[in-house]
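Notes to accompany the following structure.
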Amino acid sequence: MHILLTNDDGVFAPGLRALRKELQRLGEVTVIAPAMEQSGVGHSITLLTPLVVKQVDEDDGTTLGWMVEGSPADSVKLAICELMPRPPDLIVSGINAGSNAGINVLYSGTVAAAIEGAFFKITSVAVSLELAEHFDYPHAARHATRVIERILAHKPPNGSLFNVNLPAHSRGEPKGVRVVPMGVGRYGEGFERRQDPRGRTYYWMTYTPPFHLEGPETDVTSLCEGYITVTPLHFDLTRYDLIPEVSGWDWNGATAPAPPSSDS
């Protein structure tokens, strides 16, 4: 098996190195990842500037892979279209420093890299580790690789897409694996208002992930309970349930009347 390994924390991130070591048990691993951290960039791609690519070597002189001065999605596109002799059999993105559960899936460069792989009809897995004071990446990588092995054992269709989140080591050994939907509630977000030395106001985004959360079983609640979560995803945003209704609207009639003015 030939595996493409990428991330959004950058090619030198410890989570990527730990996961590479474990994935080598499954096959040949090629690393093609952003040169710098790209957290929160979502599915952005580079259109207006060149994409510079450099080879990255290990301390012993062996080739680790390539770093791309672009986004996670850029890295996967370049890997498949230019840098690899043939498309990989599997794409893995991670391990991200911090969970990508709930609505964070929409912002995540880690998940976007996996989505890009699914665009190319390649089975892709995003892997993230819950935020903690200390990250135990080797421990998380072992669990993540076992989950990936179970996914592959069931031979999912080409282009299948999975989002895996691992609980922080501080929660103890994972209680098991839960296959759960993505949570859609908002939590832990805010802004801190500050002033710079010249008296100008600016805002710094804050984020406090939940350590305990009740509600319907989702990736967020299960992670808080100490479970590894697996969420099958797809990138088709179509509301198929609304297509019959919206198709029945009068699309040839006059435009809707303007709302009445406030002084009428």
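The values are calculated or read from the model by the stated rules, or taken from the named source; none is laboratory data. Since this is a predicted model, take the numbers as computed values, not measurements. For neighbour counting, all protein chains shown are included, and Cβ atoms are generated from backbone atoms with ideal geometry for every residue, glycine included. These area figures cover heavy atoms from the full protein model, side chains too; ligands, DNA and RNA do not enter into them. Shrake-Rupley method; radii C 1.70, N 1.55, O 1.52, S 1.80 Å.
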Notebook entry, point to check: Any residue in the stretch 33-43 that is modelled with pLDDT under 95, of a type in the set (S, T, Y), within 13 Å of the chain's Cα centre (by Cα) and within 17 Å of A97 (Cα to Cα)?
Noted result: yes
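Could you check how many residues of the stretch 126-135 are touching a strand residue (DSSP E or B) at 6+ places or on another chain (Cβ under 7 Å) and assigned to a loop (DSSP other than H, G, I, E, B)?
Initially, the stretch 126-135 is screened for residues touching a strand residue (DSSP E or B) at 6+ places or on another chain (Cβ under 7 Å), giving 126-130, 135.
Narrowing further to those that are assigned to a loop (DSSP other than H, G, I, E, B): 130, 135.
Summing the residues that are touching a strand residue (DSSP E or B) at 6+ places or on another chain (Cβ under 7 Å) and assigned to a loop (DSSP other than H, G, I, E, B) in the stretch 126-135 gives 2.
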Notebook entry, point to check: Within the stretch 126-179, which residues are farther than 16 Å from A18 by Cβ, open to solvent by 80 Å² or more (accessible area, probe 1.4 Å) and in contact with a helix residue (DSSP H, G or I) (Cβ under 8 Å, 6 or more places away or on another chain)?
Noted result: E133, V177
Next item on the list: Collect the residues in the stretch 81-140 that are over 15 Å from H43 (Cβ atoms), hydroxyl-bearing (S, T, Y) and under 15 Å from the mean Cα position of the chain (by Cα), keeping them in residue-number order.
Entry: S99, T123, S128
Margin query: Here is a check on your reading of the model: is D57 touching a Ser or Thr at 6+ places or on another chain (Cβ under 7 Å) and open to solvent by 20 Å² or more (accessible area, probe 1.4 Å)?
Written below: yes
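Which strands (runs of 3 or more DSSP E) sit wholly inside the stretch 158-234 and have at least 2 residues that are over 19 Å from the mean Cα position of the chain (by Cα)? Spell out the reasoning first.
On the way: elements: 161-166, 177-179, 189-195, 201-207, 228-233.
Ranges flagged: 189-195, 201-207.
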